[in-house]
Amino acid sequence: MTPDDAQLYKGVNTASPPQHEKMLLGWMPPEPPPGYRNLVAILVPITLESGRRSYLWVLDYLNTETAVFASEDQEIEVPWPWIEGFLPQADDWDSIGIPHMT
């Protein structure tokens, strides 16, 4: 783990397997693409059809050495870890071992 990785995971529960009452049973993070070892949850602003602004959590892999996300380099799809209808907060991501970025 690099110093940048350690900073990213500060306060994150890295126990395996991850556990949370609202997480899908048996969910595990997928294998990262080559060159990207850190799965992160990013809170991104979006504009709804009504024109109203909102926010959406997106999962992506991050290379902390280059500050590049895997989605900038290739097409990736990470399965959603939460049960339908649950709206995770930053602490929920941290509790299942996925650092959050807002």
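The values are calculated or read from the model by the stated rules, or taken from the named source; none is laboratory data. Treat the numbers as computed from the prediction; the structure is a model and nothing was measured. Glycine gets a Cβ as well: all are built from the backbone with ideal geometry, and neighbour counts include every protein chain shown.
Residues of region 15-59 that are over 17 Å from Ser95 (Cα atoms), part of a loop (DSSP other than H, G, I, E, B) and of a type in the set (D, E, K, R): Glu31, Arg37, Glu49, Arg52. Checked against the criterion of being of a type in the set (Val, Ile, Thr), surrounded by 13 or more Cβ atoms within 10 Å (Cβ to Cβ) and not in a loop (DSSP other than H, G, I, E, B), region 74-85 has no qualifying residue. Of the residues screened, Glu84 is not one that is out of contact with any Leu (no Cβ under 6 Å at 6 or more places or on another chain), more than 22 Å from Thr14 (Cβ to Cβ) and modelled with pLDDT under 95.
If you check Leu48, Leu24, which single one turns out to be more than 17 Å from His100 (Cα to Cα), of a type in the set (A, V, I, L, M, F, W, C) and at pLDDT below 95?
On inspection, the qualifying residue turns out to be Leu48.
Residue count for region 13-36 satisfying the condition of being touching a residue at least 40 places away in the same chain (Cβ under 8 Å) and either surrounded by 13 or more Cβ atoms within 10 Å (Cβ to Cβ) or not β-branched (Val, Ile, Thr) (or both): 13.
Please determine, by comparing only the residues of region 51-72 that are hydroxyl-bearing (Ser, Thr, Tyr) and over 13 Å from His100 (Cβ atoms), which one is nearest to the chain's Cα centre (by Cα). It would help to see each step written out before you state the result.
Taking region 51-72 as the starting set, the residues that turn out to be hydroxyl-bearing (Ser, Thr, Tyr) are 54-55, 61, 64, 66, 71.
If we keep only those that are over 13 Å from His100 (Cβ atoms) as well, we get 54, 61, 64, 66, 71.
Details: Ser54: 18, Tyr61: 8, Thr64: 14, Thr66: 18, Ser71: 13 Å.
So, considering only residues that are hydroxyl-bearing (Ser, Thr, Tyr) and over 13 Å from His100 (Cβ atoms), the one nearest to the chain's Cα centre (by Cα) is Tyr61.
Specify which of the listed residues (Ser54, Ser50) is under 19 Å from Leu87 (Cα atoms), out of contact with any Pro (no Cβ under 7 Å at 6 or more places or on another chain) and either surrounded by fewer than 17 Cβ atoms within 10 Å (Cβ to Cβ) or not polar (S, T, N, Q) (or both).
Ser54
Taking the conditions (1) assigned to a loop (DSSP other than H, G, I, E, B); (2) over 12 Å from the mean Cα position of the chain (by Cα) in turn, Val12 satisfies each one other than (2).
Do we have Thr66 as surrounded by 10 or more Cβ atoms within 10 Å (Cβ to Cβ), hydroxyl-bearing (Ser, Thr, Tyr), in contact (Cβ under 8 Å) with a residue 60 or more places away in the chain and outside any strand (DSSP E or B) here? Against the criterion (surrounded by 10 or more Cβ atoms within 10 Å (Cβ to Cβ), hydroxyl-bearing (Ser, Thr, Tyr), in contact (Cβ under 8 Å) with a residue 60 or more places away in the chain and outside any strand (DSSP E or B)), Thr66 does not qualify.
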